[in-house]
Every structure is written in structure tokens, then in C-alpha cells.
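These notes concern the structure reproduced below.
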């Protein structure tokens, strides 16, 4: 809870996340894929997430305060949507309404303490340890659909250093793992840092969720015309 409150109260920060996740095959074998992400956050409404996946895919998601812009550098396309409200509301729109995967999104919101209170059913203190040279507290928690472990830095800056999430209701109980490093709680980022990453000649496209909604609306209108 100290970690959740600390992150929720941070006005800005940057961090590098090296993550890996299991892809469960039909045979039951687990194959790990991963990505390296650089995050830069400035409340109330700015966020930059730069991603490079293990397959070479590169992308950027930018919350400018006025719009959310996602760029696929490999296909040289981008999509944008208005950003109404603060960062919490923008993240909800991106993940829930547009169906975009944003790992550890909860830790980027100011509602993290309340969400932990609501979702965690039990928690235990495993040990005080040393993670890559940093003293840390290792905790294990259980929820209804996921279990997770978190290593929280000791001291007055309780940032997460490592997270392991087990999706226990999914076939094969796959895991997501993340190592968080290079924490900077005062990156001094100006508005220019949150300019959309759109390369010259990039084609603007719609989000898949917007296309699906458009197709559904068209079908309903056509059905109404027939009636």
C-alpha cells in the first residue's frame, strides 16, 4: 500500500520496464516473448510509452493532454483519438474502450491504492532481500483471478523493482514478469517530450475497436432501413 500510494502521489516519473510473458501453446508448452518499454509520466494528463518487442515491433503511445496518439513504426501508421480528462480517464479509454494492451496500467493511475484494496484477497510478507544491489521487500498477494509477487524498494521511495503476475484462471496459468529499473522521480520533462511520435509519410488509420463499432453501427442502420 505504501508503494501504491507513493506511485499515485508522484507528480512525474520515468522508468524502464523489461518484461516477458508466457504464450501457452496447444501442447501446453510455454514460450516466452518480451519487450522493453520506456515510460515517462507527468500528471495530470501526460504519458509517453515507447515499446520495442522481442520480434522487432516498435511503437509509441503518447497522451498529449488533448489527444492519444499511437504509432506503429514498422508499418508506418498511426491512430489518434481525443483525450478527454486526466491520465486516469485516458488510460481507461485506451485499455477498456479501444482494447489496447498497456502492461501494468494500474500502476500509472492515481486509483492504484483503491484498486489494490478492492482486488487483493490476501497478502504475505516473504522476505527482505537484495534485488540487483537494491534492498527490497518481497511480497506475495492473491486475488480472484490473478496472483502476484512484487519486490518493493526499501526506504522512503518504495517503487516496484520486480513484478510477477500469474493468471491462474487462464489455461496453463501463464505468467507476466517485469523488471523495473532506471527510476527517475524528477525527470523534468516539458511539453515537447510528449509530442506525438509520427514519422514523415505515416498513414493515419482508425483503431480496430473504432472500425468494429463503425461496422456495427452500419449494420444496425441497414437493418433499420430494411425494417
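Tabulated results
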| item | result |
| --- | --- |
| Cα→Cβ-extended label distance, 7 Å offset, between residue 168 and residue 145, nm | 1.5 nm |
| Proxy reagent accessibility, fewest Cβ within 10 Å first, across 170, 127 | 127, 170 |
| Antiparallel DSSP beta bridges within the chain, as percent of all bridges there, nearest 5 | 95 percent |
| Three-way shape call for the chain based on the alpha-carbon gyration tensor, with the a/c threshold at 1.5 | prolate |
| Projected label distance in nm at residue 132 and residue 24, using a 7 Å step from Cα toward the beta-carbon | 2.8 nm |
| Relative contact order [Cα under 8 Å, 6+ residues apart], the chain, whole percent | 22 percent |
| Normalised contact order of the stretch 135-182, rounded percent, pairs of Cα under 8 Å and 6 or more residues apart | 28 percent |
| Percentage relative contact order, the stretch 95-199, counting C-alpha pairs under 8 Å, at least six apart | 13 percent |
| Distance from the stretch 1-32 to the stretch 35-103 (C-alpha centre basis), Å | 16 Å |
| Length added when fully stretched, residue 122-residue 101, from 0.36 nm per residue minus Cα-Cα | 4.9 nm |
| Likely footprinting exposure, 52, 117, fewest C-beta neighbours within 10 Å first | 117, 52 |
| Cα-based shape type of the stretch 1-112, given that a ≥ b ≥ c are square roots of the gyration tensor eigenvalues and the cut on a/c is 1.5 | oblate |
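Computed from the coordinates by the stated procedures, all read-outs in this text should not be read as laboratory data. Keep in mind that this is a model prediction, so the values were computed, not measured. In this analysis, Cβ positions are derived from the backbone assuming ideal geometry, glycine residues included, and neighbour counts consider all displayed protein chains.
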